[in-house]
Structure formats: structure tokens, C-alpha cells
């Protein structure tokens, strides 16, 4: 990038810049008019002769201007020279309104994708702050239109890369915003990765409850109803909640959707800022196994004890109390199975994120190494 800027600045001092940039401008306009470029035009040689550049005027740090303009660039240095000339040529005819800016951005992307006249890397220096920001906004709009299964991504990938690589804070802000909005993985990748970031794919599951809440739900029978409904939805209706977790420098973005019988019912996005994250951990095998075992043993022990007591006292109706205790035990068993057993059988683990405010988030079905990388990116012990 510095080399591109240096070449642009060096040419700005050239005594014949207007004439040389005008010639390149003609080549650029000829290519963009028909959106076709089959190679450096033979007519360029005659136009170069008409310029009558002296040896001193033709000499640059990036190659001989006359040779480059006759035949096109053949080395990386000559390519840098042509790109800098194209930036000067395009900057000499800036767009005058919003529609012209959109066309201008489209031409910039096409030229960068199909010709040697790539001026994307010098937009900020060539156009000035206001026009550069308008152009970056138009490029971001073009990238956004390419998002989705039917989008044309060729030029959009270049635009996304240019946004992420720009020295402009405005362009980088657009890149960060697009990275949160877009779904296309290639476009998101072109927008750059945050330092220390990580991406995790798994399935969203309810976060862990407190011990008190689990005991209360179990003793009231609500745990049996809730856990039974979850099991029915998972087995009979094929309900899934795939989720993608992106961990960046500023926080965690979670994209999840609810699927039933293969159809998407709802999409949701969750944002947890790093400052708002209280705890992050991975649970590998049978989370809280001792607690669940104790609660289950309490229910079974109560059932046996009450049964013996009822037998001894010959109560009128022991069946209702016994049924209630069986329901408690069944609810605890189902909840334990959904919370930890299925994960452990598959040899997977789950990542638990606990914000300072709001419910905890759990991502299930992760490989242990993947979860460890996520924790490393979060830098949480």
C-alpha cells in the first residue's frame, strides 16, 4: 500500500502529468465504455509518440513511461506505475452526484478485476476525504448486494478486500459493519479477521440453571414438563438451533436460527461485549453429575421411604404421592440426559458464556480443541 501511495505522490510532481494521465484516461474510458479489455491496445504506441516525452520526462523510479505506455506493464514496478497513473486519471474526472458515484464505484471495481488500471488502493489519497467516503459507501453497497446465494461475488470480493485494507477510518468502519451484517463466508473473510478472533460452529442449547432453580423446578414437576417437551421437539420434530459464534477484539457475535423439520423458523443475533462477559468455560463430560445424581437419589429415596411409610400406616391413597416422586425423578433424568449425556456420548463438549446481565448462552456439540481455541481468543481463564 505504501508503494502505491509513493508512486501516486511521485507522479503528482511530474511536469507532464496532465498529458500522461490524459492518455491513460482515454484507455480507461475505452475499456469501461464496453466493459471489455482484451489486452493493451496497439493504438497506445502512436499516442505515446504524439506526447513526445523527453528522456528525463520518461524516467521514473518505477520504469520508463514511454515503454510502459506503449506496451503495458510487464513487471510489478511497472504495474504500480500504471495503477498510480490510473488513479490520477480517474481523480481528474470525479463524479458529480450520487448516481455518478455509484457508477464510478462500479467502474473502479471492474477495472481492478479485469484490467491493469486498479486504483482501489489509492482512493483515499486521490479523491480527497469527502469524495473518498462517498465512493467507499458506494463500494460497500455493491458488496452488500452480492451477499446471498445468487450474488455475483467477483468484484464484491475485491471491494470487501479494499475496504478492509484502506487507511481510511471511515472505510474500516464500513468493513466492520459489513462483517456483522453479511452471511457469505467469502465476503466476510475478505473483510478481514479481527486480531485474536475465532469462529465456532455448534448448536445453541439452554444455558445452565442455578442449583436452586433446578431443585425448585424438579420438586414442582415443572422440570419434567419442560425437559419432556424439549426431548419431544428434538426427536419427533427434528428441532435444531445451529449457531455460529464469532469472537473478535471488541466482543462476541452469535448468529443462530431455529429449524424444525428442515425449515428455518426464526433467525436471531446476540451480541456480548467483552466488558459485559462475566465468565466463559467449557463443559466436557457430564456437567454437574454429582448434583444430578444427588437430586435423582433424593427422589428415588423419597419414593421408597414414603412407600414404606404408607404401607406401614395404611394411608388411603399413596399412589398420588408416589406418582409425583416418580415424575420428579423422570424430570431430573431427562434434563440430565439433555444437558450432558448426549454431548459426552458424541465425544463433544459445550461452551458456556455467562454475561454480567441476561441469561447464559451455551453452544453444544464442539470439539474440545475448538472450544479451547475459543477460550484462548477470549483470554478468559
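The values are calculated or read from the model by the stated rules, or taken from the named source; none is laboratory data. Since the structure is predicted, the reported quantities are computational estimates derived from the model, not experimental observations. Because the Cβ atoms are built from the backbone with ideal geometry, glycine has one as well, and the counts that use them run over all protein chains shown.
Can we say residue 158 is crowded, with 19+ Cβ neighbours inside 10 Å, in a helix (DSSP H, G or I), assigned by TED's automatic domain parsing to the domain that holds residue 108 and modelled with pLDDT of 90 or more?
yes
Could we say that residue 46 is in the same structural domain as residue 161 (by TED's automatic domain parsing), under 30 Å from residue 129 (Cβ atoms) and part of a helix (DSSP H, G or I) here?
no
Among the listed residues 85, 69, 27, identify the single one that is crowded, with 22+ Cβ neighbours inside 10 Å, part of a helix (DSSP H, G or I) and either within 35 Å of the chain's Cα centre (by Cα) or without any contact (Cβ under 8 Å) to a residue 12 or more places away in the chain (or both).
Selected residue: 85, the only one of 85, 69, 27 that is crowded, with 22+ Cβ neighbours inside 10 Å, part of a helix (DSSP H, G or I) and either within 35 Å of the chain's Cα centre (by Cα) or without any contact (Cβ under 8 Å) to a residue 12 or more places away in the chain (or both).
Exactly one condition in (1) part of a helix (DSSP H, G or I); (2) under 19 Å from residue 108 (Cα atoms); (3) at pLDDT 90 or above is not met by residue 33; state its number.
(3)
If you check residue 19 against the conditions, is it surrounded by 13 or more Cβ atoms within 10 Å (Cβ to Cβ), modelled with pLDDT under 90 and assigned to a helix (DSSP H, G or I)?
no
Can you confirm whether residue 38 is within 30 Å of residue 166 (Cα to Cα) and modelled with pLDDT under 90?
Answer is yes for this residue.
How do the pairs read when you match residues in the range 41-63 that are under 11 Å from residue 20 (Cα atoms) with residues anywhere that are part of a loop (DSSP other than H, G, I, E, B) and modelled with pLDDT of 90 or more, using Cβ under 9 Å and keeping only pairs 6 or more apart or on different chains?
From the range 41-63, the pairs are 51/16; 53/16; 57/14; 57/15; 57/16.
Rundown of residues vs (1) part of a strand (DSSP E or B); (2) farther than 17 Å from residue 352 by Cα; (3) modelled with pLDDT of 85 or more; (4) touching a strand residue (DSSP E or B) at 6+ places or on another chain (Cβ under 8 Å), yes/no style:
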| position | (1), (2), (3), (4) |
| --- | --- |
| 249 | no, yes, no, no |
| 256 | yes, no, yes, yes |
| 259 | yes, yes, yes, yes |
| 266 | yes, yes, yes, yes |
| 270 | yes, no, yes, yes |
| 278 | yes, no, yes, yes |
| 282 | yes, no, no, yes |
| 286 | no, no, no, no |
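Among 78, 74, 133, which is in the same structural domain as residue 34 (by TED's automatic domain parsing), part of a loop (DSSP other than H, G, I, E, B) and free of Cβ contacts under 8 Å to residues at least 40 places away in the same chain?
After applying the criteria, what remains is 74.
As an exercise: evaluate residue 75 against (1) within 26 Å of residue 129 (Cα to Cα); (2) in contact with a strand residue (DSSP E or B) (Cβ under 9 Å, 6 or more places away or on another chain) and give the number of the one condition it does not meet.
Failed condition: (1).
Which one of these does residue 197 not meet: (1) at pLDDT 70 or above; (2) surrounded by fewer than 19 Cβ atoms within 10 Å (Cβ to Cβ); (3) touching a strand residue (DSSP E or B) at 6+ places or on another chain (Cβ under 7 Å)?
Of the numbered conditions (1) at pLDDT 70 or above; (2) surrounded by fewer than 19 Cβ atoms within 10 Å (Cβ to Cβ); (3) touching a strand residue (DSSP E or B) at 6+ places or on another chain (Cβ under 7 Å), the odd one out for residue 197 is (1).
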